[in-house]
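Everything on this sheet refers to the single structure shown next.
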Amino acid sequence: MNYVAVISNRLEISQRQVEKTIELLEQGATVPFIARYRKEATGSLNEVQIAAIRDLLLRLKELDKRREAIVQSIDEQGKLDADLRARLEAAETLTELEDLYLPFRPKRRTRATIAIEKGLEPLADAIMSGKWRAESGEWTDDDLQGARDIIAERVSEDAAGRQRVRHIFRRRAVLSSALARGVAADDERVGKFESWIDWKEPIAKAPSHRILALFRGEEAGVLKVHVRPDSDDECTAALGPKNRPLGPSGQQFEMAVADSYKRLVGPSIETEFRNQLKERADREAIRVFADNLRQLLLAPPAGQMRTLAIDPGFRTGCKVVCLDAQGQLLHNETIYPFTSVREERAAVAKLEALVEAFQIDAIAIGNGTAGRETEEVVGRCHFCRKVIAVSVSEAGASVYSASEVARREFPDYDITVRGAVSIGRRLMDPLSELVKIDPKSIGVGQYQHDVDQKMLAASLADTVESCVNSVGVELNTASRELLAYVSGIGPALADKIVSHRNQHGAFASRADLLEVKGLGAKAYEQCAGFLRVRESQNPLDRSAVHPERYQLVQRMAASVGTDVQTLMQDKGLRARIRLDDFVAADCGMPTLHDIMKELDKPGLDPRAKFEVFEFDKSVTRIEDVKPGMVLPGIVTNITAFGAFVDIGVHQDGLVHVSQMADRRVADPAEVVHLHQHLHVKVLDVDLRRHRISLTLKGI
């Protein structure tokens, strides 16, 4: 297969761009590196386009591997002629390949093979040619049934007929569900899926979340789901040859075709379409999850500030930790503000003392159980200095605190201390802390446990890698986990970098990376531009300018009679540079413009500015929420059907997609983004089911 031509056609990207991208990928370049530092080669393709080329290339190679196995199998059977080989070579999808292979696939014993063993193939041939006559009387009903079995299998193995049935499925198939056999309407399991009983809609219109909900109901044994046209007649008519036998032979033939569709083709094509629906739903759900994860990872950091973090709890108390501006643990203890009035006063006094003793700038409060109540306690404190108090998402904190990463960081502390530290560090820098947690545990997706886990893991890994490299990483303070996501490094090299740093002290420059055992020229090429060395004497080491362009920047500086340091400080000097003078075969205007942006604002963090958020202090429980209220909230999750908003009552409310704007909204992400601060109006409160309906309309 001509991979370049096929990929170019399917993705609508020029063949030259595809060819250069494949060449770079096969040389070991990563997606972030290609997108950032090889714009001239790819024509400035972005990460999404490059990843699409990479993924499609992998699928096409897997298709070719399957093609080779099929050709070999048919050839070993002595049935591979020139025409069949040409059709196999021309097949562009796995479905086409498998259809062509179906008549030659080694079979287990079927009704058709049993009939052939009985010598009924001549009868089947006679029926198909229209030469059989009922009055001949030499064949029994059992013989006719066997002949029909042979015909049914032949019909099911006809690639053209199967394609016609698929075409009908694409136009007419309906996704439907009903209670599974043996499940009573009052079964306690039914409640969760009651909205989907006797559901029916065309497959083309079925949204991702509904497909996954129906399949989840089937997996739970509550629903029976079908994907097929309402009528079998059109599909049955599409099978077999156009010129069909007439008379008695025709009657037998039509019976065989109907059986072929009902028993062989129909279930097979239905399974294909179920799998396609599931894959489509998985891809959409994974896209939503990845988009949410990106927004979460790129949430505004509060920055380096001395932080007191609280992991709230009622009965077991609140775990309190004090961290320095780099996130290092200085102190920990437990307070019990909810056990008695006396203990509450003691807790307030303790918090006031800790803020003074450790010169705290910010207080991070976990948003789980007792979170709002803890905020109230903090609100009663009178601190000696200005302190911001922020509610921080605890999602995944328990996973981190019990992980090997946390045990390695804090071997002498229990999981409650580790969890509190994680909450504090998330406030300072969400990205650096969240990379330590399996993305699936962060909980910003829909049906993440139902989708293809391999596909999900690959997509989320791409997302984390993209976020880490877009922000950049400080070489001398980054954790192993953060370094592992830097282009070209990975877990093994990350360990070696940290070990080298521990043994030899801080890296003085990017070039010092080459002293790390096992980190060669290729890895250095891939990672260097995404790493920062703030204390380096070379100012470019603090920017996203790649070391391969350092000499170019020096020539730029020389062209206006200055050095690099002065050039980066003087906007007027930079304005005098004639970029046309520095265009080369491997360095065009896209790269030159990127360099100038970096010289203007070296190492600029692309994340938004941090803003403090406060919930309505009068609303702390779901019982306090009343229809008509307008409340401040934070978007915690975005799905295909709407957005969940935390209004500070331990139960997120849902803004359904229909309540997002006065216009039709196709994708909630068009209107809101994760961690967005907004105001919502309460539409309804269902205390029994703990559901809150919200709207953005009319606010």
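Quick rundown of the values:
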quantity: Gap separating the Cα centres of region 173-208 and region 245-316, nearest whole Å; calculated: 16 Å
quantity: Set Lys61/Lys454; Lys61/Lys522; Lys626/Lys697 screened for pairs whose C-alpha atoms are more than 20 Å apart; calculated: Lys61/Lys522
quantity: Region 307-428, relative contact order [Cα under 8 Å, separation at least 6], %; calculated: 30 percent
quantity: Global form of the chain, assessed from the alpha-carbon gyration tensor, a/c cut-off 1.5; calculated: oblate
quantity: Region 1-68 and region 620-696: distance between their alpha carbon centers, rounded to Å; calculated: 41 Å
quantity: Partner lysines for Lys597 [C-alpha distance under 18 Å; skip if fewer than 8 residues away on the same chain]; calculated: Lys39, Lys571
quantity: In region 588-676, trypsin sites (Lys or Arg not before Pro) in a DSSP loop with at most 13 other beta-carbon atoms within 10 Å; calculated: Lys609, Lys617, Arg621, Arg663, Arg664
quantity: Value of relative contact order over the chain, rounded to a whole percent, pairs C-alpha under 8 Å and six or more apart; calculated: 10 percent
quantity: Set of lysines near Lys200 by C-alpha distance (under 29 Å), chain-local residues within fewer than 8 positions excluded; calculated: Lys192, Lys224, Lys262, Lys278
quantity: The chain: calculated mean residue ellipticity at 222 nm from DSSP helix runs of at least 4, using -39500 (n - 2.57); calculated: -14000 deg cm²/dmol
quantity: Separation between Cα centres of region 530-582 and region 441-493, rounded to whole Å; calculated: 31 Å
quantity: Set of lysines with alpha-carbon distance to Lys350 below 26 Å, sequence-local pairs under 8 removed; calculated: Lys319, Lys386, Lys617
quantity: Amide hydrogen neighbours beyond the local backbone of Asp361, cut-off 5 Å, H modeled; calculated: Arg306, Thr307, Leu308
quantity: Packing-based order for 88-94, 429-435, using average beta carbon neighbours within 10 Å, highest first; calculated: 429-435, 88-94
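Read the figures in this text as sums done on the coordinates, not as results from a lab. Note that this is a predicted model, so its numbers are computed, not measured. Virtual Cβ from ideal backbone geometry, glycine too; neighbours counted across all protein chains shown.
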